[in-house]
Each structure stands twice: as C-alpha cells, then as structure tokens.
Amino acid sequence: MNFDNYREFLGGVLRNPKSFSTLFPTGDYLSEKLAHLAQLETRSSVLELGAGSGAITATLLKHLSPDAEFCGLELDAQLVEHLKNQFPPHRFEEGSATRITEIFHGQTFETIIASLPWTLFDNSEKREIISEIQKSLTEDGELIFFITKHVDHTSSAKELKTLFEQENFEIETGPSVWLNLPPANLYKAKRKKQ
C-alpha cells in the first residue's frame, strides 16, 4: 500500500464520510481483477468513477495502451488535485456520478469502472447514476463495478441489481476477491441485446 495515497484517501474519508464505504482504499489484488475483467488492453476509452486517491487508477493505467483515453471523476476536490498531480496528462474532474454527461459534455466511453459506495445511495440516486452511465457508454460498452462482501447481501445491494435490470442492463457476476480489505464481489453490466 502506498502510504501517501492512503493519507490522501483517509483525508477524503474524514472530509466526507458518506462518500466512502470503507476506511481502506482498494487493494492491488482487487484493482488487478477489475483491470482483467474489463479487458483494458483492448479498450480505447475508459472512465473511472470514484477515483479516490488513485489506488485503482494506477493499476488501470498500467493495463491501458498508451494511446487510450483515460478520464477520472471524483467528488472530493482535494483528491482530484492529488490525482492530477499523480497521473498527468490524464483528465480528472470534480463532480458527482449523477452528472457524468454534463461534466464530460456527452462523451461516451467503451468501459466505465465504478468504485462507488453503491449501498450508501438511495434508490433515486442509484437510478440517476445508472441513467448517466447508460448515456455515457458506447453501444457495446461495459460497466465494471464491485460491491464489498459485507454489504452485497443487503436490500440496498439487491435493489441496485434490480435497478440495473430495469434500466435494460444485463449483470454478469465476476470473481469474488477475498484478498482485499474488505473482500468484494465483481460485476460486469452491459446493455441487453434487442
């Protein structure tokens, strides 16, 4: 674990505790599994939602081709500045996942990787984020996300999966990652074929 990143992450938790679902940034093992599930080597445009202190970002960038476009969205202004300093020349913006199309001016991405505290959102906010994701994915685009195991069985997590299905997404269960604090389940969501 990079202690500078952890210090930045913990600062974000203290500034806005309702924006984080854990006291620990995502570990290297989970980050690698996300990159593998997303098949990043073949992608030309990627958006990371909830980029935090860059724990996942560093791994994602290692897997992307040098000419791929990478953007990140983070709610915490200080973490956005940290990301811009740590990962130039990539684009990082401050804002909520409920405003993706506004912030990125309608741009679409082949892959969106979301590290969001899904179970802390009410259903209205989840629905708004899912709608923004749908507008921001290319026709064959994919969303890769995870839910930590200690909350994946809750009604909030079940409602999230139902909302994705109601918004015409198919959800594929990916691997469980036990070597992370806390452990997590990975998911891939794609638009249903008509």
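Of the conditions (1) loosely packed, with under 15 Cβ neighbours inside 10 Å; (2) in contact with a Cys (Cβ under 7 Å, 6 or more places away or on another chain), Asp140 clears all except one; give me its number.
(2)
Write out, first by first residue and then by second, each pair whose Cβ atoms fall under 6 Å of each other, whose residues are 6+ apart or on separate chains, and whose first residue, in the range 28-56, is within 14 Å of Gly72 (Cβ to Cβ) while the second is assigned to a helix (DSSP H, G or I) and small (Gly, Ala, Ser).
That search, which allows pairs on different chains as well, returns Leu49/Ala97; Ile56/Ser31.
Look at Ser44 and say whether it is within 24 Å of Glu132 (Cα to Cα), at pLDDT 95 or above, of a type in the set (Ser, Thr, Tyr) and out of contact with any Cys (no Cβ under 8 Å at 6 or more places or on another chain).
Values: within 24 Å of Glu132 (Cα to Cα): yes; at pLDDT 95 or above: yes; of a type in the set (Ser, Thr, Tyr): yes; out of contact with any Cys (no Cβ under 8 Å at 6 or more places or on another chain): yes.
Considered against the rule, which asks whether it is within 24 Å of Glu132 (Cα to Cα), at pLDDT 95 or above, of a type in the set (Ser, Thr, Tyr) and out of contact with any Cys (no Cβ under 8 Å at 6 or more places or on another chain), Ser44 comes out as yes.
Pick out the one residue from His105, His150 that is open to solvent by 30 Å² or more (accessible area, probe 1.4 Å), more than 16 Å from Leu34 (Cβ to Cβ) and in contact with a Pro (Cβ under 8 Å, 6 or more places away or on another chain). Break it down stepwise before answering.
Numbers: His105 fails: in contact with a Pro (Cβ under 8 Å, 6 or more places away or on another chain).
Matching residue, one of His105, His150: His150.
Which count do you get for residues in the range 41-80 that are under 14 Å from Ile144 (Cα atoms), in contact with a Phe, Trp or Tyr (Cβ under 9 Å, 6 or more places away or on another chain) and among the hydrophobic types (A, V, I, L, M, F, W, C)?
Selection size over the range 41-80: 5.
Name, by its number, the condition in (1) over 29 Å from Asp122 (Cα atoms); (2) surrounded by 17 or more Cβ atoms within 10 Å (Cβ to Cβ); (3) of a type in the set (Gly, Ala, Ser); (4) modelled with pLDDT under 95 that does not hold for Gly54.
That leaves (1) as the condition not met.
Here's the yes/no breakdown for (1) modelled with pLDDT of 95 or more; (2) assigned to a strand (DSSP E or B); (3) among the small types (Gly, Ala, Ser):
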| site | (1), (2), (3) |
| --- | --- |
| Ser124 | yes, no, yes |
| Ile130 | yes, no, no |
| Val151 | no, no, no |
| Leu163 | yes, no, no |
| Glu172 | yes, yes, no |
| Leu179 | no, no, no |
| Tyr187 | yes, yes, no |
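Which condition number in (1) surrounded by 15 or more Cβ atoms within 10 Å (Cβ to Cβ); (2) in contact with a Lys or Arg (Cβ under 8 Å, 6 or more places away or on another chain) is the one that Thr119 fails?
Among (1) surrounded by 15 or more Cβ atoms within 10 Å (Cβ to Cβ); (2) in contact with a Lys or Arg (Cβ under 8 Å, 6 or more places away or on another chain), the lone unmet condition for Thr119 is (2).
The values are calculated or read from the model by the stated rules, or taken from the named source; none is laboratory data. Since we're looking at a predicted model, the values are computed, not measured. Counting neighbours? That spans all protein chains shown, and the Cβs are built from the backbone with ideal geometry, glycine included. Protein only, heavy atoms only, side chains kept; ligands, DNA and RNA dropped before computing areas. Shrake-Rupley method; radii C 1.70, N 1.55, O 1.52, S 1.80 Å.
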